[in-house]
Amino acid sequence: MRVLLVEDDAMIGDSVKLALRQEGFTVDWVRDGDAGLAAASTAHDGQPCYDLILLDLGLPRRPGLDVLRTLRARGVPTPVLILTARDAVADRVAGLNAGADDYLVKPFDLQELAARMHALARRAAGRAEPLVTYGDIVLNPTTREATHRGEPVRLSAREFALLSALMARPGKVWSVAQLQERLYGWDDEVGSNTVEVYIHALRKKFGAALIRNIRGVGYVVPRLDGDAASSEGDTP
Ligand code: CA
C-alpha cells in the first residue's frame, strides 16, 4: 500500500515513516500543504497514485483543511486520515465535514495508526473482512501472512506488497513503472530489474500461471472468471 504522509513536524514524520515502513507500507513524506496537494493529486491512468493520505492540519504554505477541501473538490477519492492536536476539536469536526475518513489525535500510538490505515484501505476497497483472496491464495494485509491452499507461504515485505497490488485488481495490466511505484518511496534505491526479480520469486512460490507477462506492456493477475485464467493449468 502506497501512502502519502503530509506532516511538517520532523520528529513525528520520521517516526511515522519508519514505523509504517516496518509494517510494509510504502511511504512518501512531504512537509507542507502545497507539496501535499500536488502529490496527492497525482494519478496514473485515472487511478490515484496513493492508497491513503495521512494529513496533518497545521501545515506551512497551505493548511491541511484547505488541502483536503481542494482534493475533494477535484474529485480525488483517496481515503484521508487526519492527524490533529489534542485540543483541536473544531478542526477535527471540520476535517470530517470536509471529507476526511478518520482522524487520530497526537500523540498517537503507531500500532493504532497502522490498524486504522488497514481498516480504511479495506473500506475503500469495499471489503468488510481483512483478507484478500484470489483462488486458493489468501493474503492478510494486517499480519502480512500469506497462504496457498491453506499452507503458509513466506513472503518478503516487498513480495507481499507486489502480490497485494496485483491480486487486488485482477485483469488490470500493470507496467513495471507502476509496480515500482507500489514498492518504493521517493528516497528508496530502486534497481532496474527488481520488479522482475520479485515477480520471479512469486511465480516460484505460487506457480507460473499466477502472474502473466504481457510482453512490452507489463504484468497481470488474470481474472478468475475470464478466458485467460481458465485457458491454462486446469486440464483434468
Ligand atoms: Ca503541524
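The values are calculated or read from the model by the stated rules, or taken from the named source; none is laboratory data. For clarity, every value in this text was computed on a predicted model and none was experimentally measured. All Cβ positions, even for glycine, are placed from backbone atoms using ideal geometry, and neighbour counts span all protein chains on display.
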**OP:** Determine the pairs where a residue that is within 16 Å of the ligand (Cβ to nearest atom), located within the stretch 41-58, has a partner that is of a type in the set (G, A, S) with Cβ atoms under 6 Å apart, the partner being 6 or more residues away or on another chain.
**Re:** I53/A40; L55/G64; D56/G64; L57/G64
Original post:
When the stretch 17-26 is examined, which residues are found to be crowded, with 17+ Cβ neighbours inside 10 Å and either at pLDDT 95 or above or of a type in the set (K, R) (or both)?
Top reply: K17
Original post:
Out of (1) over 12 Å from G185 (Cα atoms); (2) touching a strand residue (DSSP E or B) at 6+ places or on another chain (Cβ under 6 Å); (3) within 16 Å of the ligand (Cβ to nearest atom); (4) at pLDDT 95 or above, the odd one out for A10 is which?
Top reply: (2)
Original post:
Conditions: (1) over 23 Å from A146 (Cβ atoms); (2) of a type in the set (G, A, S); (3) touching a strand residue (DSSP E or B) at 6+ places or on another chain (Cβ under 8 Å); (4) at pLDDT below 90. G185 meets all but one. Number of the miss?
Top reply: (1)
Subject >> Tally of residues being aromatic (F, W, Y) and touching a helix residue (DSSP H, G or I) at 6+ places or on another chain (Cβ under 6 Å) across the stretch 31-50 >> reply: 0
**OP:** Please specify each residue of the stretch 122-161 satisfying the condition of being among the aromatic types (F, W, Y) and either touching a Lys or Arg at 6+ places or on another chain (Cβ under 7 Å) or under 21 Å from P79 (Cβ atoms) (or both).
**Re:** F160
Original post:
Which ranges mark the strands (runs of 3 or more DSSP E) fully within the stretch 104-165 that have 3 or more residues being out of contact with any Phe, Trp or Tyr (no Cβ under 8 Å at 6 or more places or on another chain)?
Top reply: 132-134
**OP:** State whether the residues of the stretch 172-183 include one that is of a type outside the set (D, E, K, R) and either in contact with a Pro (Cβ under 6 Å, 6 or more places away or on another chain) or outside the structural domain of P222 (by TED's automatic domain parsing) (or both).
**Re:** no
Original post:
Within the stretch 127-144, how many residues are closer than 26 Å to A19 by Cβ and modelled with pLDDT of 90 or more?
Top reply: 2
Original post:
With (1) modelled with pLDDT under 90; (2) assigned to a loop (DSSP other than H, G, I, E, B); (3) hydrophobic (A, V, I, L, M, F, W, C) as the list, and L210 as the residue in question, which single condition is left unmet?
Top reply: (1)
Subject >> Matching entry among R69, R74, R61 (being more than 16 Å from the ligand (Cβ to nearest atom) and either at pLDDT 95 or above or surrounded by 17 or more Cβ atoms within 10 Å (Cβ to Cβ) (or both)) >> reply: R69
Original post:
For the stretch 18-36, how many residues meet the condition of being away from the ligand (no atom under 15 Å from the Cβ) and part of a helix (DSSP H, G or I)?
Top reply: 5
**OP:** Could you grab me the full set of residues in the stretch 77-92 that are away from the ligand (no atom under 12 Å from the Cβ) and part of a helix (DSSP H, G or I)?
**Re:** V89, A90, R92
**OP:** Test A209 against the criterion of being touching a Gly at 6+ places or on another chain (Cβ under 6 Å) and not assigned by TED's automatic domain parsing to the domain that holds V27, and give yes or no.
**Re:** yes
